[in-house]
C-alpha cells in the first residue's frame, strides 16, 4: 500500500509520498511514487500515485510517451492549455489503463485499481490540485479543504484537519505533512521509508525543493521523537 498527501496553500504546494509497495508480508519492495513533469519558468506538474503498481507505472509511461511523441502531443500534460485539462488528460489515461488491465485481471478474479494526486501550475494560471479516481473522474482541493490524500490516509488525517489552512506557511506545511506521515508509519506497516518531499512555491513554475528522506535522517527522527513526547505530555496534562 502507500500514503501520499498534498497541500494547496496560498504560498505554494507541498507534497509527500512514501516508497513502499507490498504484495504480501514476504514481498516488499521500494518504488518511487512521485513523478515530475516540468518546463522551468513555464509549467510544473507533480503526480503522486497509489494503488496497483502495474496501473500506475503504465499510466506514467503513457503520459511520458505522449510528452516525447509529437504525434500524440495534443494529449500531453505539457501542452494542455490549463491545469483542468491536465487533470482531464491524466484522468482519461488512468481510466483507459485501469480498464485494459482490469479486463485481464478479471479472468483471474483479481482487481487492479489506482488513484493519483495531480498538482501544478502553468504560466498565466493559478495553482491547482486534483485527486483523480480510478474511473478518471476527479475532485479539486479548495480553500475549505486545502489538502488531498490517497492510500492509507486515515492515520495521518487528524493533524492535517487541526493545523492546515490556506494561510499555513511552507515551513509549517513541511512539518505537517511529515508528522502526518510519521503517524501513518507508526500505525501501518504497509507504508514505509524512504520518503519523497516536493515543494512548489507559488508562481515559481518549477520544483523549488525536492528531497529524499531516508530512515536514518536525523532531522526526521528528532521531529518524530519530539512529536511523540508532546503527545504524551498533552495526554498526561489533559483532564478526564
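Are any of the residues in the stretch 187-209 part of a helix (DSSP H, G or I), within 21 Å of the chain's Cα centre (by Cα) and in contact (Cβ under 8 Å) with a residue 24 or more places away in the chain? There is at least one residue in the stretch 187-209 that is part of a helix (DSSP H, G or I), within 21 Å of the chain's Cα centre (by Cα) and in contact (Cβ under 8 Å) with a residue 24 or more places away in the chain. Looking at the stretch 143-154, can you tell me whether even one residue there is crowded, with 17+ Cβ neighbours inside 10 Å, in a helix (DSSP H, G or I) and modelled with pLDDT of 95 or more? Checking the stretch 143-154: not a single residue is crowded, with 17+ Cβ neighbours inside 10 Å, in a helix (DSSP H, G or I) and modelled with pLDDT of 95 or more.
In the list 61, 66, which residue meets the criterion of being part of a helix (DSSP H, G or I), farther than 24 Å from residue 170 by Cα and either at pLDDT below 90 or out of contact with any helix residue (DSSP H, G or I) (no Cβ under 8 Å at 6 or more places or on another chain) (or both)? Talk me through it step by step, then tell me what you get.
Working: 66 fails: either at pLDDT below 90 or out of contact with any helix residue (DSSP H, G or I) (no Cβ under 8 Å at 6 or more places or on another chain) (or both).
On inspection, the qualifying residue turns out to be 61.
The numbered conditions (1) more than 20 Å from residue 30 (Cβ to Cβ); (2) free of Cβ contacts under 8 Å to residues at least 12 places away in the same chain; (3) over 15 Å from the mean Cα position of the chain (by Cα); (4) assigned to a loop (DSSP other than H, G, I, E, B) are all true for residue 216 except (1). The number of residues in the stretch 43-66 that are closer than 23 Å to residue 210 by Cα, more than 16 Å from the chain's Cα centre (by Cα) and crowded, with 17+ Cβ neighbours inside 10 Å comes to 2.
Residues checked against (1) in a loop (DSSP other than H, G, I, E, B); (2) more than 19 Å from residue 60 (Cα to Cα); (3) at pLDDT 95 or above:
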position	(1), (2), (3)
7	no, yes, yes
15	no, no, yes
21	no, no, no
25	yes, yes, no
36	no, no, yes
44	no, no, yes
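Within the stretch 171-182, restricting attention to residues that are buried (at least 20 other Cβ atoms within 10 Å of the Cβ) and out of contact with any helix residue (DSSP H, G or I) (no Cβ under 6 Å at 6 or more places or on another chain), the residue that is farthest from residue 16 (Cα to Cα) is 173.
For the stretch 111-132, which residues satisfy the criterion of being within 13 Å of the chain's Cα centre (by Cα) and farther than 13 Å from residue 81 by Cα? Answer for the stretch 111-132, where residues must be within 13 Å of the chain's Cα centre (by Cα) and farther than 13 Å from residue 81 by Cα: 114, 115, 116, 117, 118, 119, 129, 130, 131, 132. State yes or no: is residue 158 assigned to a loop (DSSP other than H, G, I, E, B) and either crowded, with 20+ Cβ neighbours inside 10 Å or in contact (Cβ under 8 Å) with a residue 12 or more places away in the chain (or both)? For residue 158, the condition - assigned to a loop (DSSP other than H, G, I, E, B) and either crowded, with 20+ Cβ neighbours inside 10 Å or in contact (Cβ under 8 Å) with a residue 12 or more places away in the chain (or both) - is not met.
State yes or no: is residue 122 surrounded by 19 or more Cβ atoms within 10 Å (Cβ to Cβ) and at pLDDT 90 or above? Yes; evaluated as a whole, the condition is true for this residue.
The single condition among (1) within 18 Å of the chain's Cα centre (by Cα); (2) under 28 Å from residue 29 (Cα atoms); (3) surrounded by 12 or more Cβ atoms within 10 Å (Cβ to Cβ); (4) at pLDDT 95 or above that residue 164 does not satisfy is (2). Would you point out which residue out of 190, 169 is closer than 23 Å to residue 1 by Cβ and either at pLDDT 95 or above or in contact with a strand residue (DSSP E or B) (Cβ under 8 Å, 6 or more places away or on another chain) (or both)? Exactly one of 190, 169 is closer than 23 Å to residue 1 by Cβ and either at pLDDT 95 or above or in contact with a strand residue (DSSP E or B) (Cβ under 8 Å, 6 or more places away or on another chain) (or both), namely 190.
If we scan the stretch 69-76, do we find a residue that is under 27 Å from residue 29 (Cα atoms) and surrounded by fewer than 22 Cβ atoms within 10 Å (Cβ to Cβ)? Give the steps one after another, and end with the answer.
Of the residues in the stretch 69-76, the ones under 27 Å from residue 29 (Cα atoms) are none.
No, the conditions are met nowhere in the stretch 69-76.
So if I check each of 91, 51, which one is in contact (Cβ under 8 Å) with a residue 60 or more places away in the chain and within 21 Å of residue 2 (Cα to Cα)? Spell out how you get there, then give the answer.
On the way: 91 fails: in contact (Cβ under 8 Å) with a residue 60 or more places away in the chain.
The unique qualifying residue is 51.
Scan the stretch 4-19 and give yes if some residue there is more than 26 Å from residue 168 (Cβ to Cβ), in contact (Cβ under 8 Å) with a residue 40 or more places away in the chain and either touching a strand residue (DSSP E or B) at 6+ places or on another chain (Cβ under 7 Å) or buried (at least 23 other Cβ atoms within 10 Å of the Cβ) (or both), otherwise no.
First, pick out the residues of the stretch 4-19 that are more than 26 Å from residue 168 (Cβ to Cβ): none.
Scanning the stretch 4-19 turns up no residue that is more than 26 Å from residue 168 (Cβ to Cβ), in contact (Cβ under 8 Å) with a residue 40 or more places away in the chain and either touching a strand residue (DSSP E or B) at 6+ places or on another chain (Cβ under 7 Å) or buried (at least 23 other Cβ atoms within 10 Å of the Cβ) (or both).
The values are calculated or read from the model by the stated rules, or taken from the named source; none is laboratory data. Quick caveat, the model's predicted, so the values are computed rather than measured. Using ideal geometry, Cβ is built from the backbone for each residue, glycine included, and neighbour counts are taken over all protein chains shown.
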